[in-house]
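The values are calculated or read from the model by the stated rules, or taken from the named source; none is laboratory data. Keep in mind it's a predicted model, so treat the numbers as computed, not measured. Cβ placement follows ideal geometry from the backbone for every residue including glycine, while neighbour counts extend to all protein chains displayed. Accessible surface areas use protein heavy atoms only, side chains included; no ligands, DNA or RNA. Shrake-Rupley method; radii C 1.70, N 1.55, O 1.52, S 1.80 Å.
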Amino acid sequence: MRTLKQISKILLVTLLMVSCGDSRKKKATSPEQLTQKQVTAKDILGNKDYLAISYGGYRDSLRDIQPTIAELKEDMKILHAMDIRILRTYNVQLPHATNILKAIRELKNEDTNFEMYVMLGAWIDCKNAWTNQVPDHNQESEQNEGEIERAVALANQYDDIVKIIAVGNEAMVKWAASYYVQPSVILKWVNHLQELKAAGKLSKDIWITSSDNFASWGGGDKIYHVEDLNKLIKAVDYISMHTYPMHDTHYHPVFWGIEEDSKKSSLEKIDDAMLKAKDYAISQYDSVFNYMKSLGVNKPIHIGETGWASSSNGHYGNNGSKATDEYKEAIYYKHMREWTKEVNMSCFYFEAFDEIWKDARNPGGSENHFGLFTIDGKAKYALWNLVDKGTFKGLSRNGNLITKTYNGNKDSLLLEVQLPPIKAKLAVNH
């Protein structure tokens, strides 16, 4: 016969075994294991651990040829390997954005460590945009309502991935002559999305913005300083501004060019010119910041787009401002990543991969060459160090392993790098 002490010991052991069993069972079904961490736009924007990039997965000269989900997953793995965690898309008219979300969802289901979020763009046009009729910039396209509805539906369906909705892309800047709208149109749709958030029909944590040129945000000509813009600045959750010093090496080259009597080497002169390009981008940020502050507003500003093409047969190439090559692109990329990290700002660098549909009739056009990777998956000079580190080991695009452009020969690359024009002569020409 067991004593009371023995029975107590048996009961204690039994309880411990049950407790351990329950603990193991609980551990196996832990929500932390079954679901990935939930983050918000506030958590990831300005967070140095969440690098951002603009992404288009198009591989052909026509957007009608949509990349497959398998191809998009291929790209997602490449970008994830280089610590990209936020992608920017531009419209929900075509299957592209939806398929990106499907690709990310599949990758998350396959690997609980895979993490990627999306700034979902809703394209906004004026009436008669992209038609043979005269664009009416004072009225909006009938298509805008459907575009916003599709964006909302996707944001709700993929609320674990879509963290930002951007209403329009360079939709207010006056030089977008084919389609620009007045700020009142962007304001209307931003307010609509904010109302959906308030009503619980859209996640309260999703951030709403519009992504536009620095001038459109009040940082340039006073023609943009209208009351509807002021209301828009107060309505968005943050300002997403674009800055493109590369374009201004031709259109407004106040910062571009080298000194004629400099005793520095050619590469030192180029490095100096690119440092001035960085400072020029910062000055455009400062102009937007100062305009925002003049309204009594204090909210985040992030770089919605900036980039530097690696080639151009036009205004920015060897017959123009001599701005475009892989060496200068790499320096600009490094400058922008370093600056925005330092000031806790996100930078949706433009762009991940070359896209040849953008200027299909002119293969040498700069718009086709903004990628950090070529169409066939070669890493441009900006990313050579990552290839050396083995970051892309085992990854491929279109069946091609990720290798370096120029076969990794820097001397061959530098043969194609040209000095910017002499500053004094540049001033005369402009």
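Couple of notes before you dig in:
- Test: residue in the range 194-206 that is in a helix (DSSP H, G or I), within 18 Å of N169 (Cβ to Cβ), in contact (Cβ under 8 Å) with a residue 24 or more places away in the chain and aliphatic (A, V, I, L, M): no
- Odd one out for A153 among (1) farther than 19 Å from I233 by Cα; (2) touching a residue at least 12 places away in the same chain (Cβ under 8 Å): (2)
- Selected residue (only one of D60, D136 is surrounded by fewer than 20 Cβ atoms within 10 Å (Cβ to Cβ) and in contact with a Cys (Cβ under 7 Å, 6 or more places away or on another chain)): D136
- The range 356-370 - residue that is part of a loop (DSSP other than H, G, I, E, B) and among the charged types (D, E, K, R) and, of those, least open to solvent (accessible area, probe 1.4 Å): D359
- Verdict on W339 being out of contact with any Asp or Glu (no Cβ under 6 Å at 6 or more places or on another chain) and within 23 Å of S283 (Cβ to Cβ): yes
- The range 156-167, subset more than 13 Å from the chain's Cα centre (by Cα), without any contact (Cβ under 8 Å) to a residue 60 or more places away in the chain and not in a loop (DSSP other than H, G, I, E, B), residue farthest from F214 (Cα to Cα): Q157
- Entirely in the range 37-125, the helices (runs of 4 or more DSSP H) that have 3 or more residues that are of a type outside the set (S, T, Y) and within 15 Å of the chain's Cα centre (by Cα): 69-81
- W130 meets the conditions (1) open to solvent by less than 60 Å² (accessible area, probe 1.4 Å); (2) in contact (Cβ under 8 Å) with a residue 24 or more places away in the chain in every case but one. The failed one is (1).
- Every residue from the range 321-340 that is of a type in the set (K, R) and either within 20 Å of the chain's Cα centre (by Cα) or under 21 Å from G408 (Cβ atoms) (or both): K328, K334, R337
- When residues of the range 315-351 are limited to those that are in a loop (DSSP other than H, G, I, E, B) and of a type in the set (V, I, T), the one most open to solvent (accessible area, probe 1.4 Å): V343
- Of the residues making up the range 393-415, those that are aliphatic (A, V, I, L, M) and in contact with a Gly (Cβ under 9 Å, 6 or more places away or on another chain) are L395, L401, I402.
- For the range 252-291, the set of residues classified as touching a helix residue (DSSP H, G or I) at 6+ places or on another chain (Cβ under 6 Å) and in a helix (DSSP H, G or I) consists of M274, A277, K278, Y280, A281, Q284, V288, listed by residue number.
- Residue check for F392: within 30 Å of A41 (Cβ to Cβ), buried (at least 21 other Cβ atoms within 10 Å of the Cβ) and within 16 Å of the chain's Cα centre (by Cα): no
- Some residue of the range 168-184 being aliphatic (A, V, I, L, M) and more than 20 Å from the chain's Cα centre (by Cα): yes
- Inter-residue pairs, beta-carbon under 8 Å, first closer than 21 Å to D83 by Cβ and among the polar types (S, T, N, Q) and in the range 93-116, second surrounded by fewer than 18 Cβ atoms within 10 Å (Cβ to Cβ) and modelled with pLDDT under 95, 6+ apart: T112/Q33; T112/Q36
- Count - residues of the range 208-228 that are part of a helix (DSSP H, G or I) and crowded, with 23+ Cβ neighbours inside 10 Å: 3
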